[in-house]
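Nothing in this text is a laboratory measurement; each read-out follows from the coordinates by a stated rule. For clarity, every value in this text was computed on a predicted model and none was experimentally measured. Note that we place each Cβ from the backbone using ideal geometry, even for glycine, and neighbour counts take in every protein chain shown.
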Amino acid sequence: METASRVELIVKGNLPEVPSQYIQPPEARPNLHYSGDAASIPTVDLSSSDSAREAIGDACRNWGAFHVINHGVPIHLLDRMRSLGLSFFQDSPMEEKLRYACDSTSAASEGYGSRMLLGAKDDVVLDWRDYFDHHTFPLSRRNPSRWPIHPPDYRQVVEEYGDEMKQLAQMLLGLISESLGLPCSSIEEAVGEIYQNITVSYYPPCPQPELTLGLQSHSDMGAITLLIQDDVGGLQLYKDAQWLTVPPNSHAILVLIADQTEIITNGIYKSAQHRAVTNANRARLSVATFHDPFKTARIAPVSQLSPPSYKEVVYGQYVSSWYSKGPEGKRNLDALLY
Ligand SMILES: O=C(O)CCC(=O)C(=O)O
Ligand SMILES: [Fe+2]
């Protein structure tokens with residue numbers, strides 16, 4: 001079980017400065033006085049598939065990320081998921097939280113944790129974040145008894161939320177395939193059985209937001225991520241050599257193209273490079289739902305989009321190297337380019 005310190009405990013210590021392990025090198029520090037014009041991040045209305053398909057194609061080509069509205073997931077479910085996540089971090093005593101501690105020696109293990117990367121190298125800079133990871137698909141991985149028992153509807157809501165997100169992810173993968181002129185099932189067939197994890201991230205207020213990151217720059221490893229956040233804001237997208245803050249929108253779901261979709265689409269669609277910044281005054285919460293291939297899946301560009309620009313990769317090997325080397329933006333993906 002993990003013994004590493006939680007960010008929440010550091011904050012309780014009321015230190016005027018963050019511990020040195022959380023201080024980013026100068027080139028990675030955020031410029032909090034500038035947040036770009038992210039109002040221009042596309043919003044796709046899913047109420048009509050025909051217009052959505054075209055808008056999704058543009059968004060995937062130019063951004064790798066977009067908001068969806070009229071997505072069919074009840075807004076009260078998004079709100080309940082956010083409030084249950086917050087309740088675990090803010091209302092449960094630490095002793096209770098530690099009963100769900102994840103195993104920090106294995107990648108993406110289920111439960112309550114703080115460190116994303118494996119290994120305990122002294123020079124690794126830590127994220128200003130605590131999280132809870134739930135394994136939700138395939139159903140053989142789903143064991144709600146490993147999730148918080150309070151509030152009483154926690155487990156049932158996570159199950160419902162996972163089911164809704166999977167349906168939406170499948171529909172989006174279909175539209176993304178079609179937007180490239182491919183059959184609807186192309187990307188999903190290339191991915192194979194979907195592995196879904198739901199990660200609730202909690203970013204406590206930080207005494208020195210200008211020196212830290214809530215979550216370091218990365219692109220997500222799998223196929224597609226569906227993300228909701230609260231009204232605090234702090235998620236940033238890297239586009240055209242600038243970091244743009246994604247405006248919170250409580251009704252929308254943010255779609256992030258992840259690395260395997262970049263490979264499968266032969267780089268026509270790019271995965272979104274993103275990070276989270278912290279702030280001095282308010283704790284922030286996000287819920288990311290990852291849809292990934294299984295570990296032995298071989299991922300390569302679809303044959304219709306040849307000649308391939310990326311080497312074939314066994315997904316599990318991609319994940320292992322990501323967690324041991326660290327993301328550093330998109331370097332793991334770039335290493336697969338011919
Ligand atoms: O907190 C956020 O908005 C980003 C979370 C994220 O990128 C992740 O969990 O991979
Ligand atoms: Fe991410």
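Some points to look at:
- Each listed q (0.10 Å⁻¹) maps to a log10 I(q)/I(0) for region 1-100 from the Debye sum over equal C-alpha point scatterers, namely -0.59.
- Radius of gyration over Kirkwood radius for region 86-142, both on Cα atoms: the Rg/Rh ratio is 1.01.
- Relative to the dominant Cα principal axis of the chain, helix 154-179 is inclined by about 30°.
- Derived scalar couplings between HN and Hα for region 237-242 equal 10, 9, 9, 6, 6, 9 Hz in order, rounded to whole Hz, by the Karplus curve 6.51 cos²θ - 1.76 cosθ + 1.60 (θ = phi - 60°), x for Gly and Pro.
- Rounded to whole numbers, the Karplus 3J(HN,Hα) couplings from phi for region 321-335 are 6, 4, 6, 8, 8, x, x, 5, x, 10, 5, 5, 6, 4, 5 Hz, using 6.51 cos²θ - 1.76 cosθ + 1.60 with θ = phi - 60°, and x at Gly and Pro.
- Note: relative contact order over the chain, using C-alpha pairs below 8 Å and six or more positions apart, is 22 percent.
- Relative contact order of region 261-311, defined on C-alpha pairs under 8 angstrom at six or more residues apart (%): 51 percent
- Of LYS295/LYS330; LYS239/LYS325; LYS270/LYS295; LYS97/LYS325; LYS270/LYS311; LYS239/LYS295, those spanning more than 26 Å from alpha-carbon to alpha-carbon: LYS97/LYS325; LYS239/LYS295
- By definition, a body whose alpha carbon gyration tensor gives a ≥ b ≥ c is prolate when a/c is 1.5 or more and a/b is larger than b/c, and region 287-336 fits this prolate description.
- Ranking of MET221, MET165 by count of other Cβ atoms within 10 Å, fewest first: MET221, MET165
- Remark: the Cα gyration tensor places the chain in the rounded category, a/c being less than 1.5.
- Shape call, region 228-311: gyration tensor on alpha carbons, a/c limit 1.5: prolate
- 3J(HN,Hα) along region 207-215, derived from phi through the Karplus expression 6.51 cos²θ - 1.76 cosθ + 1.60 where θ = phi - 60°, amounts to x, 9, x, 6, 9, 10, 10, x, 8 Hz, with x in place of Gly and Pro.
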